[in-house]
Amino acid sequence: MRNERSTEDIAMGIRRRVFEHSMRNNGGYLSQACSAAEQLAFLYNEGLNLGEPVLPAVPKPFAGVPSADNPDYVTGAGYNGPFEPQYDRLFIAPAHYALVAYATLIETGRMDAEGLEMFNKDGSSVEMIGAEHSPGMEVHNGTLGIGLSTGAGLAWGRKRRGEKGQTCVFMSDGEVQEGQTWEAVQAAAHHGIDNLWALMDVNDQQCDGAMDSVMEVRDIAAKFRAFGAVCVEIDAHDLDAMRQAKAEPHEGQPLIILARSSPTQGMSFLQKRFPRLHYVRFKSEEERAEMNISIAAELGIDPIELETH
Amino acid sequence: MVEMVSRPYASAFEAFAVKNPDVLCLSADLTSSCEIDGFRDRHPDQFLSLGMAEQNMMSFAGGLGLAGYRPFLHSFGVFLYRRPYDQLMASVAYPRRKVRLMGFLPGITTPGGMTHQAIEDIAVMRSIPNMSILETGDATEVESICEAADSIDGPVYCRVLRGSVPRLFDTPIKVGEMRELAGGDDVLVVTTGIATEEALRARDALSNAGVSIRHLHIHTIKPFNEQALLDHIGSVNKGVVVLENHVIAGGVGSLVAEIMADNGVGKPLVRLGLKDTYAHGGSRGYLMKHYGLDAGALVRGIERVMGIETGIDEEALATARVDAVHSAVKAEAL
């Protein structure tokens, strides 16, 4: 189930869907769709080898947390296909990208559009911060910085079992402020874990604002290389560059692709909000209406019909 | 004289791991200190060095669990939950990975002071959903800890003794059970880990003083057989004394208190252990005496429950076992 649509088309679909959802729900993780639409579209449409989904297109309600008393528990990984040796595995490390990830599942035919109507509703598994049981998720990553370590462990184990499939971690650049990220890279390099790769959305943004104002991280490409990874830097909105970066040889080392992105790509109106873009709420009905007209025009769609309050 | 066993974990882990190819040996730079250096040298393909980076080790172990492996993490207990607590929650406990946390140097069994002494680990682990807790009290339990831990469908934290360990029991740990070491009817004494040996030291003196003790040794702290404990409490007429190598908040004393309160058991309870305090660095014998974790403290606790004075003094207690300070079986200074 790949390549029925172009990756460019899917990226546009992701932006439109997240925009429509945020307009209707009085705000959302808009800038993450701007920065990461091409990356998630690339992963699901061509970068990863994933099987057909094994969970229902309309997500089931929340069915309890893992416990000895809950034998039927499943994660949301089934939306990425079955666990088979030849298939790749994907962890979405920044769990607050969940809305964008769900939109990607819909655009790639892995989940019904109805799934997004359950977003952040009580009793739903389609949670605001992606949980293990949320569509497309396999592990909890809401605590930032743990994803790459988990990916490294899984990749090492799969390599030991002789599985062909790779393990990919979609990351966000804020995670480089966490020490664990660097522990993970040094361990992956030390143990030659080369069936592991990461695609990092480098949008220079974090919750408090621009990263440079919160905690400078300096030259992260040089740091990743010094810690033992192969590191490639690309323009996150250039899909040809992304394809080329994915093909970079990295024998005996993990591959980290730094996708330098714009947090307002495709929704220029958001530049007015810079640098507070982590979660966009509307300041007034006037702003909401103005944003609706402006961004809809840029995305090539009609303004979203809003319910009157 | 009690038999002393040298480095029981070293041989027990090796024997267990070689029979179980999906068991992996993980270490965080304390390989010889956790008695797995021989295993590393003889079975390098089953050993993973993850360096002094416990946060990564914990999440990495979660990933290994996803791949169907059962990693045994070796470090001092403190380093398996204090720094990597977030990773323990998200990568191991929540998803019920079959990760076996082998925590060495429980409580005051190290002269390393606050940074090395896991004095609140049981309280932490008891509060984590999906987590199981085992504690070893002698060489036989150390020898059976790997099999016991690996039988658990989910994560487990184990308090493991190292170096020269006395042999008190002749049957392996049976997960979920407890050992009845004496069946008297005045006071129920509940001990765990190294505290059990202290209770045994006081046994003859108490008997001579006419005190009838019912004694339970607990190796499975979570899950816990609540009804068995209640039955034992029902079999004594005075009350309960718990002695543990741990702070009294949240440990086995608290566990017993909760079960008694939940079931309306109106008998006196004395909890002995570290009383809302850190310890400092020193020998085990010194620390146990200084902080009231030894046989003498247990006798005083029993006297409180009985409302009597036994007259038992240090002379009357069996001679305390003293480790040779520079014993060859010690892994290192700490």
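If the segment from residue A:122 to residue A:223 were pulled out straight at 0.36 nm per residue, it would be longer than the present Cα-Cα gap by 32.2 nm. Once you order the gyration tensor axes a ≥ b ≥ c over the Cα atoms, which shape class does segment B:70-154 get: rounded for a/c under 1.5, otherwise prolate or oblate by comparing a/b with b/c? Oblate, because a/c is 1.5 or more while a/b does not exceed b/c. Go ahead and run the numbers for FRET between residue B:280 and residue B:258, Cβ-Cβ distance against an R0 of 30 Å, rounding to 0.05. Efficiency, rounded to the nearest 0.05: 0.50. Among the lysines of segment A:151-309, pairs at least eight places apart or on separate chains and with Cα atoms under 30 Å apart come to 6. Put in line by how crowded their Cβ is, counting other Cβ atoms within 10 Å and starting with the fewest, A:194, A:235, B:231 read B:231, A:235, A:194.
Using just its DSSP H runs of length 4 or more, each adding -39500 (n - 2.57), the protein assembly as shown gives a mean residue ellipticity at 222 nm of -9500 deg cm²/dmol after division by all residues.
Distance between the pseudo-spin-label points of residue B:290 and residue B:225 (7 Å out from Cα toward the beta carbon): 3.8 nm. In this simple spin-label approximation, residue B:153 and residue B:32 carry label points 7 Å from Cα along the Cα→Cβ vector, and these lie 4.2 nm apart.
The share of C-alpha pairs in the protein assembly as shown whose separation exceeds 30 Å stands at 59 percent.
How far apart, in nanometres, would the label points at residue A:294 and residue A:207 be if each is projected 7 angstrom from Cα along the Cα-to-Cβ direction? In this crude label model, residue A:294 to residue A:207 measures out at 2.7 nm. Sorting the segments B:196-207, A:266-277, B:97-108, B:251-262 by their mean number of nearby beta carbons within 10 angstrom, highest to lowest, gives B:97-108, B:196-207, B:251-262, A:266-277. Here the dipole of segment B:179-316 is about 220 debye; that uses its Cα centre as origin and unit charges on the Cβ of Lys and Arg (positive) and Asp and Glu (negative). Rounded to the nearest 20, the size of the Cβ-charge dipole of the protein assembly as shown about its Cα centre is 880 debye, with Lys and Arg at +1 and Asp and Glu at -1. Here the dipole of segment B:11-165 is about 360 debye; that uses its Cα centre as origin and unit charges on the Cβ of Lys and Arg (positive) and Asp and Glu (negative).
Extent of chain A along its three principal axes (Cα atoms, max minus min coordinate, largest first): 58, 47, 36 Å. Bridge orientation summary for chain B: considering DSSP beta bridges with both residues in this region, about 20 percent are antiparallel. Between the beta carbons of residue A:86 and residue B:318, assuming R0 = 56 Å, the FRET efficiency works out to 0.30 to the nearest 0.05. Peptide A:133-141 is shielded by partner chain Cβ atoms: per residue, an average of 2 of them sit within 10 Å of its Cβ.
Summarised as an ellipsoid, segment A:173-252 has semi-axes of 22, 18, 9 Å, derived from the eigenvalues of the Cα gyration tensor scaled by 5 and square-rooted, with the largest first. In plain terms, the residue of B:192, B:171 with the fewest other Cβ atoms within 10 Å comes first and the most crowded comes last, giving B:171, B:192. Across chain B, Cα pairs under 8 Å and at least six residues apart give a relative contact order of 18 percent. Principal axis extents of the Cα atoms in segment B:179-316, from largest to smallest and rounded to whole angstrom, are 39, 33, 24. Projecting the Cα atoms of B:59, B:265, B:292 onto the charge dipole of the protein assembly as shown, computed from C-beta unit charges around the Cα centre, puts B:292 farthest toward the positive end.
Each reported figure results from applying straightforward, stated rules to the coordinates on display, with no laboratory input. From a predicted model like this one, the values you see are computed outputs, not experimental measurements. As a convention, Cβ positions derive from the backbone with ideal geometry for all residues, glycine included, and neighbour counts pool all protein chains shown.
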